[in-house]
Amino acid sequence: MRYISTFFGYLLSFSFGLTKSYIPAVFLLTVLSRLLLLPVSLWTQKNSIRMVEMQPELNRIEIRFFGDRDRIADETAALYKKRNYNPFAGILPLLLQIVILLGIIEVVRHPEYASLDMSDMTMRNIDFSVYPYVAGGWYWLMPVLAAGSALLLSLAQNRMNPLQAEQSAAGQLGTAAFSVGIAAALGAFVPAGVGVYWICSNLLTIVQQFLLNRLIDPRRYIDHETLENSRKQLEELKNIGGKRKRFAPNPCAARERADYKRFFSVANKHLVFYSENNGFYKYFEKIIHYLLAHSNLTVHYITSDPDDHIFEMARENSRIRAYYIGERRLITLMMKMDADMVVMTMPDLDNYHIKRSYVRKDTEYVYLFHYPLSTHMVLHTGALDHYDTILCVGEFQFAEIRKQEQLCRLPEKKLVLCGYGQLEKLQEAYDRSEKQIRDRKKILIAPSWQEGNILDSCLDGLLKELLGKGADVTVRPHPEYVKRYRGRMDAIVGRYREYKGTDLAFELDFTANTSIFDSDVVITDWSGTAYEFSFVTGKPSVFVDTPMKVNNPEYEKLGIEPLEIALRDQVGIRLDPGRLEGAWEKTAELFERQKDYQERNIRLRNQYIANYGRSGEAGGKYIIESLKEKAQERKRRKES
């Protein structure tokens, strides 16, 4: 420190010789130290820009390998090496700042380094060699001014510094609080001259950052739109399973840990099903029933719903083993999956947070549809690319998937003609139900929950055309709409609370499907409910052409019209949401032609839905045969 202090003593002596006054001398000293550090400042500016420039790639690494800390660390290190970036490089400027600060403190405490005496450090009766916390009085202004300059610097850096500008609001607040705290402490517990240096340094740093941005403009290197998109995707992943209050206990944590441990304690697992929540069992039900009746397989059933009724079934049937694994822990579990086969209704495997197993490369991933229509418009781009086997609803999906494989040069998957068990369950319930004979026709309005749906775009106009015409109208919103937009739904119900007619009802209880299949006509936009209704009952549907739900903007590249569009004119009629005049007359005409539509819709169902009434058998047989082949292959490898 003696050598460093001697050097800064020379600088202070030189500055004092030019200015003949202490504060101007300290200001000039600060300018000189900044000039000496200019090469380091330029290097820091470039380094900060490079770090922000890489941030989208770093975010994508964390998204791709979310939950796998070791893999994230390895991929991050590989990226740093590829881009010739050293993450510890930012420490050097900080160390230099500390060294300089310590040198300045020594020079102020011992003015002999600068060949000055105590009288030189006094200006207008203010002694800059004293400690404000000792002197008190007006000297307490020094820590206040030092903290104020630090706050001003933090606010400026939040806007101008390329690295600090990309910090979160909480990060910026933390940085500012730390800087202000350090400045206040320096201003109070070191000589007042050091406080002067600190104030000058903070103000000059603002000017320096402005000049650096003019010299090396961050906007030329940083793609802020890409950065923001990657940040949003990562934030969505971090919020999986919903936000919980900090330090709030998770009531299912112990149960989840126990089930996680129990799952991996079972060796030689052959078959695993994963269900996102209680409502997804209905898609697996037919296949699981067949497996339990025609094999000795144990069904390992993972669910992210602690109240899933599969746990009751597991208590009654020892061949069903149920596990509760929340969405966050599921990420790690899937990475360590050690089963022969995994069956899921979740698309986008390996595209986002749910990955194929890192432990076993031979695990067969089987996708089961939870809707009976096309694959290439509603699903995201590449949603099925990383599955090995698809249990298809009908042959029409074969053409769509094969075309996708050709366009993207993907290896061919196993395509199994399975069918759609949920439609069969609805058919069985409908066949068992008691058919009511009514004097008045019943119209059900059952929209989707996407933006621009009937409820948000044209419900009032539609009801104006239908009410008071001798038919009963029921509005049954999508459960997700009520969940997400409760305020909107309450406002809609409130608008019709004083309606004097008896022909309008809102159905907000979704526990049964009775109202759907008891209707004479269903009016929807893009909800799959209409196809379930028309394929089960044969009755016609009315489609309001609101904006389409398109999750794959590239769907037209396949050159195959999605069934969601192609069937609208076949199972019923279409209405323009902007021209609803005459909607009653068109709907009433469907009542008269109901028999014609029943014959047509049942024919369409049999044409597009494979193995109707036997989907569980088709899917179950494939699973049994595939697992037998895997067992035989293991046996052959062992013998050889």
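A few comments on the model shown:
- With respect to the chain, whose longest principal axis is taken over its alpha-carbon atoms, helix 169-189 is tilted by about 20°.
- Over the chain, the pair-distance histogram of Cα-Cα distances with 10 Å bins from zero comes to 3, 12, 17, 17, 14, 11, 9, 8, 5, 2, 0 percent, rounded to whole numbers.
- Dipole magnitude (debye, nearest 20) for the chain, charges at Cβ of Lys, Arg, Asp, Glu: 1460 debye
- A Cα-only calculation for the stretch 247-355 places Rg and Dmax at 13.6, 48 Å.
- For the stretch 291-404, the relative contact order comes to 20 percent (Cα pairs under 8 Å, sequence separation of at least 6).
- Trypsin sites (Lys or Arg not before Pro) within the stretch 119-214, DSSP loop, no more than 12 other Cβ atoms inside 10 Å: Arg124
- Over 21 Å (Cα to Cα) - which of Lys286/Lys539; Lys282/Lys355; Lys269/Lys638; Lys469/Lys586; Lys539/Lys586; Lys82/Lys355 fall in this group: Lys286/Lys539; Lys282/Lys355; Lys82/Lys355
- Computed [θ] at 222 nm, helices only, for the chain once each DSSP H run of length n ≥ 4 contributes -39500 (n - 2.57): -17000 deg cm²/dmol
- Lysine pairs within the stretch 363-459, Cα separation less than 25 Å, 8 or more sequence positions apart or different chains: 4
- Between 0 and 90 degrees, the angle of helix 69-82 with respect to the longest Cα principal axis of the chain falls at about 60 degrees.
- Amide H within-cut-off set for Ala322, under 5 Å, with H built and near neighbours excluded: Tyr301
- Scaled radius of gyration (Cα, divided by 2.2 N^0.38 Å) that the stretch 413-485 gives: 1.54
- Where N is the number of residues in the stretch 81-233, Cα Rg divided by 2.2 N^0.38 Å: 1.27
- For the stretch 497-558 versus the stretch 309-366, the spacing of their alpha-carbon centroids is 32 Å.
- Based on protein heavy atoms only, the chain ends up with 51 Å² per residue of surface accessible to a 1.4 Å probe.
- Ligands, DNA and RNA excluded, the heavy atoms of Glu312 present near 110 Å² of accessible surface to a 1.4 Å solvent probe.
- Taking every alpha-carbon pair under 8 Å whose residues sit at least 6 apart, the chain reaches a relative contact order of 11 percent.
- Cα-based shape type of the stretch 469-557, given that a ≥ b ≥ c are square roots of the gyration tensor eigenvalues and the cut on a/c is 1.5: oblate
- Surface composition of the chain: carbon and sulfur atoms hold 54% of the protein heavy-atom accessible area at a 1.4 Å probe.
- Estimated FRET transfer efficiency (Leu38, Glu235; beta-carbon r; R0 41 Å; 0.05): 0.65
- For the chain, the longest principal axis of the alpha carbon atoms and the long axis of helix 38-64 meet at an angle near 20°.
The values are calculated or read from the model by the stated rules, or taken from the named source; none is laboratory data. Nothing here was measured: the structure is a model prediction, and the numbers come from that model. When we count neighbours, we look across all protein chains shown, and the Cβ atoms used for this are built from the backbone with ideal geometry, even at glycine. These area figures cover heavy atoms from the full protein model, side chains too; ligands, DNA and RNA do not enter into them. Shrake-Rupley method; radii C 1.70, N 1.55, O 1.52, S 1.80 Å.
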